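Have a look at the structure below before the remarks.
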Amino acid sequence: MGASIIGHECSRYVWLTWRWANRPSFPGRVLRMFSTGVREEPRLLDELRGIGATVWETDPETGAQWRVSACDGHFGGSLDGVAQGLPEAPKSAAVLEFKTHNHKSFTSLIENKVQKSKPQHFDQMQVYMGLMQIDRAMYLAVDKDTDDLYCEWVHFDSVRFEQLIDKAQSLINSAQPPTRLSQDPSFFICKMCNFHRLCHGQMAAEANCRTCCHASPVANAQWHCESHNKKISLKEQQTGCDRHLLIPALVSYAEPQDGGDNYVIYKHKESGKEFSNGPGPEPRFTSAELHNCPGQLLGEIAEIKSMFPTAKVVSGNFDDMQSDIDDAKVKPESTATKEKRVRNSKTLQALENFKPKVD
């Protein structure tokens with residue numbers, strides 16, 4: 001769980017990110033934006049050395065990037081550097097934090113300072129200062145549009161630091177996601193979130209060990225699987241296994257009705273159709289199938305799976321499927337669409353009445 005997001009206003013967002021509930025896929029443009037921030041760091045380090053400061057971008061004891069951790073190793077982050085000999089406080093060590101901003105964000109930063117303008121950045125530095133036992137941090141920001149620089153001293157707040165550590169530990173200890181920031185799916189913060197579909201009933205979480213009922217965090221930054229009764233490596237966590245059972249709260253379009261050690265029976269909130277995750281009663285779905293299927297279609301697909309138990313839901317383009325669903329809600333049905341729907345209905349009816357010959 002990263003110090004860079006612990007200050008996020010939605011605790012559910014932090015928990016879902018740490019649990020890999022729906023890992024985002026970024027387009028090339030966004031990856032280039034991330035790269036811009038990384039490439040700016042050596043330049044800022046050199047400029048600090050240029051004014052006479054002593055700068056350590058890596059830990060002298062290990063030769064690796066500065067890292068801090070807490071909560072049995074499940075919480076922490078990586079520092080941009082540590083400096084001493086800065087003009088305003090030449091005898092004091094300071095945590096270094098570098099960020100790049102667009103012009104609008106940079107202007108807000110100048111007007112409001114980092115705690116008000118970028119509270120997540122402020123909290124990130126509080127975690128670093130507390131775990132490094134350093135009482136100040138230098139925040140250096142670059143305007144990507146003008147190349148202007150903004151510098152601010154941030155001082156350690158022990159009360160805020162303890163609040164953030166307690167928040168992280170509470171989220172790590174929780175087997176269930178916190179409540180939503182808003183129950184309204186159109187709330188502007190929710191609409192911009194990576195987990196909007198997952199939180200508001202349109203999809204189920206990804207299938208990996210961190211979204212599974214059988215896995216839990218243990219000491220020394222490790223995870224343990226109750227089903228296999230063993231510690232699970234990072235590689236194993238990323239892929240999961242065929243015993244995967246989604247945490248019920250991560251199937252947000254259905255309500256759990258019953259279950260056992262290896263399965264959960266759900267009732268779809270809209271269609272009322274029952275289905276199971278794991279080796280339960282038919283129709284049954286693997287966790288990967290539930291993730292691959294839009295929640296609005298799950299009831300209909302459960303009916304098809306009832307007729308054809310060996311059928312599988314394979315991965316598709318969720319955006320295209322969601323677009324089709326949204327179009328159907330707001331656009332009048334065309335003659336061609338109506339004819340296609342009638343044909344599909346007749347086909348399903350024929351399949352339902354089909355009885356194979358037995359020799």
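Some observations on this one:
- Toward the positive end of the charge dipole of segment 11-173, with +1 on the Cβ of Lys and Arg and -1 on the Cβ of Asp and Glu, the farthest Cα among Ala137, Pro87, Gly52 is that of Ala137.
- What you get for the chain, charging only the Cβ of Lys and Arg (+1) and of Asp and Glu (-1), is a dipole of about 1000 debye around the Cα centre.
- At q = 0.14 Å⁻¹ the log10 of I(q)/I(0) for segment 11-173 amounts to -0.82, computed by Debye summation with a single uniform scatterer per C-alpha, solvent ignored.
- Proximal charge balance of Gln237 [Cβ under 11 Å; K/R count +1, D/E count -1]: +3
- Distance between segment 127-195 and segment 212-281 - C-alpha centres, whole angstrom: 29
- Footprinting exposure proxy for Met1, Met192 (fewest neighbouring C-beta atoms within 10 Å first): Met192, Met1
- Remark: segment 302-307, residue by residue, has Karplus-estimated 3J(HN,Hα) of 4, 5, 5, 5, 5, 7 Hz, where x stands for each Gly or Pro and the curve is 6.51 cos²θ - 1.76 cosθ + 1.60 at θ = phi - 60°.
- Across segment 62-84, the residues whose backbone nitrogen lies under 13 Å from the label position 7 Å along the beta-carbon direction of Gln169 are 70-75.
- Over 19 Å apart at the Cα level, from the set Lys104/Lys144; Lys167/Lys230; Lys91/Lys116, are Lys167/Lys230; Lys91/Lys116.
- Taking Cβ atoms as reference points and 13 Å as the exclusive limit, the residues near Ser78 contribute a net charge of -4, counting Lys and Arg as +1 and Asp and Glu as -1.
- Around the amide H of Thr58, modelled in the peptide plane, lies no amide H under 5 Å away from a residue 5 or more places distant or on another chain.
- Calculated from backbone phi, Karplus (6.51, -1.76, 1.60) coupling profile of segment 79-88 in Hz, x at Gly/Pro: 7, 6, x, 10, 9, 9, x, 6, x, 6
- Summarising the amide proton neighbourhood of Gly81: residues at separation of 5 or more, or on other chains, whose placed amide H is nearer than 5 Å comprise Leu96.
- The chain: most fluctuating residue of Met33, Met125, Met307 per GNM, C-alpha cutoff 10 Å: Met33
- Highest GNM mean-square fluctuation among Ala21, Ala204, Ala221, for the chain modelled with Cα contacts below 10 Å: Ala221.
- Model label points for Asp258 and Ile189, set 7 angstrom from Cα along the Cα-to-Cβ axis, are 4.0 nm apart.
- Residue of Arg49, Arg29, Arg197 that the Gaussian network model of the chain assigns the largest fluctuation, springs spanning Cα pairs under 10 Å: Arg29
- Low-density loop cleavage sites - GluC sites (Glu not before Pro) in segment 61-106, where at most 14 other Cβ are within 10 Å (DSSP): Glu61, Glu88
- Nearest-0.05 FRET efficiency for Ser4 and Asp147, computed from C-beta distance (R0 22 Å): 0.40
Taken together, the values in this text are just the output of simple stated rules run on the coordinates, not laboratory data. All values derive from a computational prediction rather than experimental measurement. So basically every Cβ, Gly included, is an ideal-geometry build from the backbone, and we count neighbours across all protein chains shown.
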